[in-house]
Structure formats: C-alpha cells, structure tokens
Amino acid sequence: LVGREFKHEDSVIDVGGVPVGGDGLVVMAGPCAVESREQLLESAEAVKAGGAQFLRGGAYKPRTSPYSFQGLEEKGLEMLAEAREKTGLKIVTEVVDIQSVPVVCAYADVVQVGARNMQNFQLLKAVGKAGKPVLLKRGIAATINEWLNAAEYVMNEGNYSVIMCERGIRTFENFTRNTLDLSAVAAVKSVSHLPVIVDPSHGTGVWKLVRPMSRAAVAAGADGLMIEVHPNPAEALSDGKQSLTPENFAGLMREVAGIANLM
Ligand code: PEP
Ligand code: MN
C-alpha cells in the first residue's frame, strides 16, 4: 500500500483543509512539550506569525529518564485545543500507548507516532483503526524499509493518511544528537507516494544547525518541516538546546520560502 506500484501519483493528505504533500510546503512548529497554558499560547502565536500551519507540542512525552518532565497529559491536550481555537492552527501531538489513542485522537488533528514507537506494531494497528491522519517518525535505528513497513501497518488497517517524518538516526557521530538522513527524503519519495517531512530539531539536537538543515531539507524535496520553537529555550523543560526562539523561527520561514520558490 505504501508503494508507487499501488498508487503512482503523490498522495496529498487533507488535514481539515490543510494539504500535506503535493506542491505546497507544510510547517509544523511549537515546543517539544506543552509546559503551561501561557507557554503554549505564546508559542502558538509565534509560530502562527511565522507562517506555520500546524502547532506541535507533546502532552505525553517519551523521555529517556523517568525523572524528566513526563508531560501534562490530558490537561496538555486541552491547552492544545484552546490554542487551535485561538489561532486556527492544526494540532499535531504524540500518542505513546494504545490506551491513550482515543483521548489523543479526540483532541489532535494529526496523531504522531514517535521514533521510539515506530515498531510498536500494536500501536500502529491502533492508530490505523482510529482513522486520524498519522505522522510517523522514523525509528532511531530503523532502516528505510522498516520505516515503510511501519507505514504499511497503519495503512493495512484502512487508514491511508500517513505522513512520513525523517528525524535523524543513531550513528557513531556524537557532535549531533542524531544524524539527519536527508537522502531518506529522496529515497522514500522514489518508492512511495506518501508525503515526507523533515524534523531537523531532533535530527541535529543543536539549534544553530536547524536553519541550515531546514534549507537543505526543502531543497531535497521535503513536503514540510517539523521545528521545535520555544518562547524561552533556555528555560524549556525539554529539548531547549534544539529549540528556536520565535525570531529565529521567523528567519527560518523566510529562508525556506525563498528556496521553495526556486523549485
Ligand atoms: C518529539 O517530536 O517530541 C519527539 C519525541 O520526537 P522523536 O520521536 O523523533 O524523538
Ligand atoms: Mn523534542
């Protein structure tokens, strides 16, 4: 189902009137985690002003340490819904387990399956059955074929609205948090009709690298970007080092618009 043998032309996923894939460039931006109502609304206004179509923000966070901030859960989802009402932005947020699929789907426009869950096959089947558009991140150590098979699991349940997201893979390199594999954009698009977006925030882990890699992603043919933006990155409860200030995000948006226009 993921292959171009099944469907030759590029898929365009309609998210409540916002197309993902096809000619335009879609930008999903916002904080790593929903931390408070003020932090989220400020982030939403900033990414809206920059020109994003989606607000991202995790309410359920898959953290490496159990002592790190785990997310506001349903309270965070309520804040995301409020931000959508205030700004008109679409909401993308992560679901980390099968039990919370219904509640996340009740609030989100797109449900995100994170890198750590890319091969959680039961979760893939559950989001497939739920029917909401799915943003499927590439696993930390997943090959392109394993990633495509994960999408196949979702589509096999009858849900064809899958957006692929390259977010870097683990290699020997440790200057960056992950190694952003931009060749994956061209590779997936060569064999699959699904839209592919790029997350240079998790892909590099370093805010200074996010703008250049965003430019490169758009030049490589990505259908969109996922960018972490925080009103005050130094105080972020998660991923501050890779988060852009609103000013930096506005600069990124001007740069990528210029590149998208050249293509
Ligand atoms: C995220 O987008 O907040 C996230 C946890 O990303 P990943 O699953 O790519 O690590
Ligand atoms: Mn993050």
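Some observations on this one:
- Three principal axis lengths of the range 1-139 [C-alpha, angstrom, descending]: 47, 34, 23
- In this label model, residue 241 and residue 69 are separated by 1.7 nm, measuring between points 7 Å along each Cα→Cβ vector.
- Using the alpha-carbon positions of the range 107-160, Rg (one decimal) and Dmax (whole number) come out as 10.1, 31 Å.
- Comparing 131, 16, 203 in a Gaussian network model of the chain, where Cα atoms under 10 Å apart are tied by springs, the biggest mean-square fluctuation is seen for 16.
- Under the simplified labelling scheme, the residue 179-residue 215 pair shows an inter-label distance of 2.4 nm, with each label point 7 Å from Cα along Cα→Cβ.
- Note on the chain: GNM, Cα springs under 10 Å; of 153, 67, 107, the largest mean-square fluctuation is that of 67.
- Cα-only Debye scattering, the range 51-121: base-10 log of I(q)/I(0) at q = 0.12, 0.15, 0.16, 0.28 Å⁻¹: -0.31, -0.48, -0.54, -1.32
- Set of aspartates and glutamates with alpha-carbon distance to residue 7 below 19 Å, sequence-local pairs under 8 removed: 23, 152, 157, 223
- For the range 121-202: rounded, prolate or oblate by the Cα gyration tensor [a/c cutoff 1.5]: prolate
- Among the trypsin sites (Lys or Arg not before Pro) found in the range 156-203, those both in a DSSP coil and sparsely packed, with 14 or fewer other Cβ atoms within 10 Å of their Cβ, are 170.
- Antiparallel bridge percentage (DSSP; both residues within the chain; nearest 5): 15 percent
- Taking other C-beta atoms within 10 Å as the exposure proxy, 230, 202, 8 rank 8, 202, 230 from fewest upward.
- With N as its number of residues, the chain has a Cα radius of gyration that, divided by 2.2 N^0.38 Å, comes to 0.91.
- Within straight-line cross-link reach of residue 75, aspartates and glutamates at Cα separation under 19 Å, skipping those fewer than 8 residues along the same chain: 35, 38, 42, 85, 94, 97, 109
- Cα centroid of the range 106-124 to Cα centroid of the range 8-71, whole Å: 14 Å
- FRET efficiency for residue 190 and residue 81, using Cβ-Cβ distance with R0 set to 30 Å, rounded to 0.05: 0.20
Values quoted throughout were computed directly from the atomic coordinates according to the rules given, and no laboratory measurement underlies them. Keep in mind that this is a model prediction, so the values were computed, not measured. Glycine also receives a Cβ, built like all others from the backbone with ideal geometry; neighbour counts cover every protein chain displayed.
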